[in-house]
Each structure stands twice: as structure tokens, then as C-alpha cells.
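Read the structure below first, then the notes.
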Amino acid sequence: MWWGVVLLWMAGIWYLSAQPDLRSSFEQDFLLRKIAHVLVFGGLTYVVTKAWAASGWRQSSAAAALWSLAYAMIDEWHQSYVPGRHGSPVDVAIDAIGIVVVAGFFLYTKHRPARAMTKSVE
């Protein structure tokens with residue numbers, strides 16, 4: 001199931017990247033688009049991590065981070081062929097912020113020490 005979600009998520013990114021102009025009428029359009037980069041690629045990292053984990057891959061968050069970063073580069077390359085768009089290494093770096101945050105969250109929650117369950121004696 002998770003691999004289907006991954007494919008849909010990637011198809012959504014591909015579709016949006018193929019649009020000649022995604023600008024909005026908001027005054028803060030530039031900031032909103034950069035936040036969208038972080039959220040979209042953080043989301044991709046999340047669903048890829050879940051897919052790898054469901055497949056039994058022990059290093060699922062690391063694999064997902066590499067997968068997502070590779071797709072971020074492919075996405076920017078793809079955009080360089082879309083009229084009115086351009087590929088940007090800066091956008092890949094912005095995508096990487098979402099990737100690192102989500103992969104880091106998974107690594108943190110996987111490796112944090114378990115809290116001892118103790119009863120307090122009063």
C-alpha cells in the first residue's frame with residue numbers, strides 16, 4: 001500500500017513541476033512556494049520511509065532521504081525543460097531541509113532511549 005502512496009506522491013510532484021506557472025496572487029508568494037518545497041519533499045520522505053519500513057528495510061529513513069533527494073534533483077532537472085520554469089540547485093537545498101527534518105525525526109524516534117516505567121512511591 002505504501003508504495004502506491006509513494007507513486008501517487010511522486011506523480012503529484014511531477015504534475016506540479018510540469019505547470020508553466022505556479023505563482024499565486026499572494027504578496028508572500030515566494031515564501032509560500034519555498035515552504036511548499038519543504039513540506040512536499042518532507043512528505044515524500046515520510047511516505048518513502050513508511051514504504052521501506054513496510055518492506056522490512058532496517059535503514060528505511062536513510063534510504064528514504066537518499067530517494068527523496070534524488071527525486072528532488074530529478075524534479076529540478078525536469079523543471080528546466082518546462083517553459084516558464086527553471087531548475088535550481090537552491091530549490092534542491094530547500095527540498096533537503098524537509099528531507100532532513102523528516103528523516104531526522106524518524107532516526108530520533110527510532111534510537112531514543114526508552115523511558116523507564118517506574119511507579120512513584122509516596
Out of the residues in segment 44-102 that are charged (D, E, K, R) and touching a residue at least 40 places away in the same chain (Cβ under 8 Å), which is farthest from Met1 (Cα to Cα)? Arg85
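For segment 42-99, which positions are of a type outside the set (Ser, Thr, Tyr), in a helix (DSSP H, G or I) and under 11 Å from Ser17 (Cβ atoms)? Don't jump to the end; show me each part of the working.
Looking only at segment 42-99, we keep the residues that are of a type outside the set (Ser, Thr, Tyr), and these are 42-44, 47-48, 50-54, 56-59, 62-67, 69-70, 72-79, 82-87, 89-99.
Next, from what is left, pick out any that are in a helix (DSSP H, G or I): 42-44, 47-48, 50-54, 62-67, 69-70, 72-79, 89-99.
Correct list: Ala72, Ile74, Asp75, Glu76, Trp77, His78, Gln79, Asp91.
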Pick from segment 1-41, criterion in a helix (DSSP H, G or I) and touching a Gly at 6+ places or on another chain (Cβ under 8 Å), ranking: surrounded by the fewest Cβ atoms within 10 Å (Cβ to Cβ): Leu39
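Tell me whether segment 14-32 contains one or more residues that are in contact with a Ser or Thr (Cβ under 9 Å, 6 or more places away or on another chain) and of a type outside the set (Phe, Trp, Tyr). Lay out the reasoning, then the answer.
Step one: filter segment 14-32 for residues in contact with a Ser or Thr (Cβ under 9 Å, 6 or more places away or on another chain), giving 32.
If we keep only those that are of a type outside the set (Phe, Trp, Tyr) too, we end up with 32.
Yes; the residues of segment 14-32 include at least one that is in contact with a Ser or Thr (Cβ under 9 Å, 6 or more places away or on another chain) and of a type outside the set (Phe, Trp, Tyr).
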Segment 75-96, subset surrounded by fewer than 16 Cβ atoms within 10 Å (Cβ to Cβ) and among the β-branched types (Val, Ile, Thr), residue farthest from the chain's Cα centre (by Cα): Val82
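Laboratory data are not the source of any read-out in this text; all were calculated from the coordinates shown. Computed from a prediction, not measured in an experiment: that's the story for all the values here. Quick reminder, even Gly has a Cβ in these numbers, built from the backbone with ideal geometry, and neighbours come from all protein chains shown.
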